[in-house]
Amino acid sequence: MELNEALAKLAELQKKMYAYNAASSSLYLDGTTVAPKDTAEGRGVALGILAGEQHKLFSAPEVGELLDFLWEHRDELDQLHRRQAEELRRSYAQLTRIPADEYMEYAMLTNEAGDVWRRAKEKGDFELFRPVLEKLVAFNIKFAGYYDSSKALLNEYERGVDTAYLDEFFATLRERIVPLIHAIGEKEQPDDSFLRRHYPAEAQRRFSDYLMEVLGLDRAHCTIGETEHPYTLEFNNKDVRITTHYDEDNVSFSMYSVIHEGGHAKYELGISDDVQYTCLAGGVSMGVHESQSRFYENLIGRSKPFVEAIFPRMQEFFPEQLQDVTAEQFYRAVNKAQPSLIRTEADELTYCLHIMVRYEIEKQLISGKLAVKDVPDTWNRLYKEYLGIDVPNDRQGCLQDSHWSGGSFGYFPSYALGSAYGAQMLKNMERDMDVWGPVSRGDLSQVSGWLGEKVHKFGGLLEPADVVKNACGQFDPTVFADYLEKKYSQLYGL
Ligand SMILES: [Zn+2]
């Protein structure tokens, strides 16, 4: 085989993979937005077939031969193609270890599990979800056995991060954050009742349009839809969709969801053209992705300069609801720190503790130390231990998140890692330029420019650890702890 011929085959393979992904994503988007309620079955059949075909395409022996050939000639390849060969070889080795029938069965199970989970959550009935969760865990234990079992769970989302790394990270956070939360518990809480006045969805939609504009999201390449749970879905760097959920009795939920998902979208839209339709397109890892969404949501979106910049406009969207509120009051309200039950509603400070609970449980489930039937009790015990609160039911407890029903085990830590990466990026950004001058005028273009250069443009061209190093320097969880300590000491006068 000639090298040119091999490169042509490599490009063709990746475009086909892109097409399968695009088809599956379209079905997912449809199912979560406009599809009628009882239509999941047919999409499940189609998704199962697509997953099977994609598996067949990629796991064929000719693909293995092509990738080996390219790897043997890696010294003759440019960085772009060398990285593609490297990434695909890794995926190929992983995938070919899972038998095709198991892979397809798993794809169908995760589709079915979503519906079961939704019903179980609605009823607050863990027993309804238990059998399907047991199947999901059994699959994941089996899959972990096909790889290096000490790393498989987390490496799927964050290559280079293993259990020891995370144990140390969470230990640092526990040591620093738990006392801070205790100290805040002694202090008077700010009044945030005005956030829960009646905010009509129609006005919130217009406010979302404004926020997209502030974020610099081009509506010709990024739309906003409505789903029960907000998410970002990317087709390529010219087509990204974000969603939000309007709670008419809580203005901050959608506001910060839009800024968060907008951060994910900024990342996807900022990836360079060179890597499109290849395995290097898309954000490099979940942790790095979360570093971007959380950067916009918390480090910028919940900062005083940003709130002061947009609050006058916000009052125009919600004149009756916010006329007697000041920017300072709003800033304090959206930074209220208080242990609570629901992860997605948790504040910036207590959020990591929610993640720690899930991390502990996943670790024990996949290592076989915890039986699925004991998940609710363990969940409730850890919430008491870390956050000091009692969980009244499973709906507000272990059934609250969709991740496990979608087969995503080991995903949660990336949220906390992302926050920590973000804090280090901010520290470096402040060293490089004036961050807060422009932000206080509602101008995020410089911030986006910095992130674009240090993180976005690479996509998967660099390893996750190298992107982190590029933007953060050496990873150091104490920087995040310092950031939280400083911010919350000021807010609460500690
Ligand atoms: Zn996110």
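Within a Cβ distance under 13 Å of Ser272, other residues only, what is the Lys/Arg minus Asp/Glu net charge?
Values: positive: Arg83, Lys238, Lys457; negative: Glu268, Asp273, Asp274, Glu453.
So the environment of Ser272 carries a net charge of -1.
Please compute the length gained on full extension between Asp273 and Glu122, using 0.36 nm multiplied by the number of residues separating them and subtracting their Cα-Cα distance. Show your work: numbers first, answer last.
Values: separation 151, 0.36 × 151 = 54.36 nm, distance 4.30 nm.
Gain on stretching Asp273 to Glu122: 50.1 nm.
Using Cα atoms only, what is the angle between the long axis of helix 251-270 and the major principal axis of the chain, expressed in degrees (0 to 90) to the nearest 10?
With rounding to tens, the tilt is 40 degrees.
So how strong a dipole does segment 161-281 carry about its Cα centre when Lys and Arg Cβ are +1 and Asp and Glu Cβ are -1, to the nearest 20 debye?
Values: 11 positive and 23 negative charges, 44 e Å.
For segment 161-281, the charge dipole is close to 220 debye.
What does the charge count around Pro230 come to, taking other residues whose C-beta lies under 12 Å from its C-beta (Lys +1, Arg +1, Asp -1, Glu -1)?
Details: positive: Arg241; negative: Glu226, Glu228, Asp247, Glu261, Glu297.
Taking every other residue near Pro230 into account, the sum is -4.
Any chance you could give the angle, 0 to 90 degrees and rounded to 10, that helix 445-454 forms with the longest Cα principal axis of the chain?
Approximately 30 degrees, to the nearest 10.
Distance between Cα centroids, segment 206-243 to segment 459-494: provide it in whole Å.
For segment 206-243 versus segment 459-494, the Cα centre distance is 26 Å.
Determine the sum of side-chain charges near Phe194: Lys and Arg each +1, Asp and Glu each -1, restricted to other residues whose C-beta is under 15 angstrom from that of Phe194.
Values: positive: Arg196, Arg197, Arg332, Lys336; negative: Asp191, Asp192, Asp247, Glu248, Asp249, Glu320, Asp324, Glu328.
For residues surrounding Phe194, the net value is -4.
Positive end of the dipole of the chain, charges at C-beta (+1 Lys, Arg; -1 Asp, Glu), about the Cα centre: which of Met286, Gly263, Phe317 has its Cα farthest in that direction?
Phe317
At R0 = 22 Å, how high is the FRET efficiency between Arg196 and Gln396 if r is their beta carbon distance? Nearest 0.05 is fine. Can you show the working numbers first?
On the way: r = 18 Å, r/R0 = 0.80.
After rounding, the FRET efficiency stands at 0.80.
Show me the ranking of peptides 248-260, 165-177 by mean Cβ neighbours inside 10 Å, starting with the highest. Show your work: numbers first, answer last.
Details: 248-260: 21.2, 165-177: 16.7.
Descending packing order for the listed peptides: 248-260, 165-177.
Give me the Kirkwood hydrodynamic radius of the chain in Å, from all C-alpha pairs, to one decimal place?
On the way: mean 1/r = 0.0420 Å⁻¹.
After inverting the pairwise mean of 1/r, the radius is 23.8 Å.
In deg cm²/dmol and to the nearest 500, what is the mean residue ellipticity at 222 nm of the chain if only DSSP H runs of at least 4 residues count, each as -39500 (n - 2.57), divided by the residue total?
Details: 21 runs with 304 residues, N = 494.
One gets -20000 deg cm²/dmol as the mean residue ellipticity at 222 nm.
About its Cα centre, what dipole magnitude does segment 163-492 give when the only charges are +1 on Lys and Arg Cβ and -1 on Asp and Glu Cβ, stated in debye to the nearest 20?
Numbers: 33 positive and 50 negative charges, 74 e Å.
In total the dipole reaches around 360 debye.
Place +1 on the Cβ of every Lys and Arg and -1 on the Cβ of every Asp and Glu in segment 413-494, take the dipole about the Cα centre, and give the residue among Val467, Val455, Ser445 whose Cα lies farthest towards its positive end.
Final value for the positive-end residue is Ser445.
Please state the shape class of segment 435-487: rounded when a/c is under 1.5, otherwise prolate if a/b exceeds b/c and oblate if not, all from the C-alpha gyration tensor. Provide the component values of the computation, followed by the final result.
Details: a/c = 3.69, a/b = 1.12, b/c = 3.29.
It comes out oblate by the Cα gyration axes.
Measure nothing fancy, just the Cα-based angle from helix 413-432's long axis to the longest principal axis of the chain, in degrees from 0 to 90, nearest 10.
Compared with the principal axis, the helix lies near 70 degrees.
May I ask you to list the lysines whose Cα is less than 22 Å away from that of Lys469, ignoring any residue fewer than eight positions away on the same chain?
Lys151, Lys266, Lys427, Lys454, Lys457
Give, rounded to the nearest 20 debye, the magnitude of the charge dipole that segment 318-428 has about its Cα centre when Lys and Arg contribute +1 at Cβ and Asp and Glu contribute -1 at Cβ.
Working: 11 positive and 14 negative charges, 85 e Å.
For this selection, approximately 400 debye.
Every number in this text was worked out from the coordinates using simple rules, so none of it is lab data. Quick caveat: nothing in here was measured; it's all calculated off a predicted structure. A quick note on method: Cβ atoms are made from the backbone with ideal geometry, for glycine too, and the neighbour counts reach across all protein chains shown.
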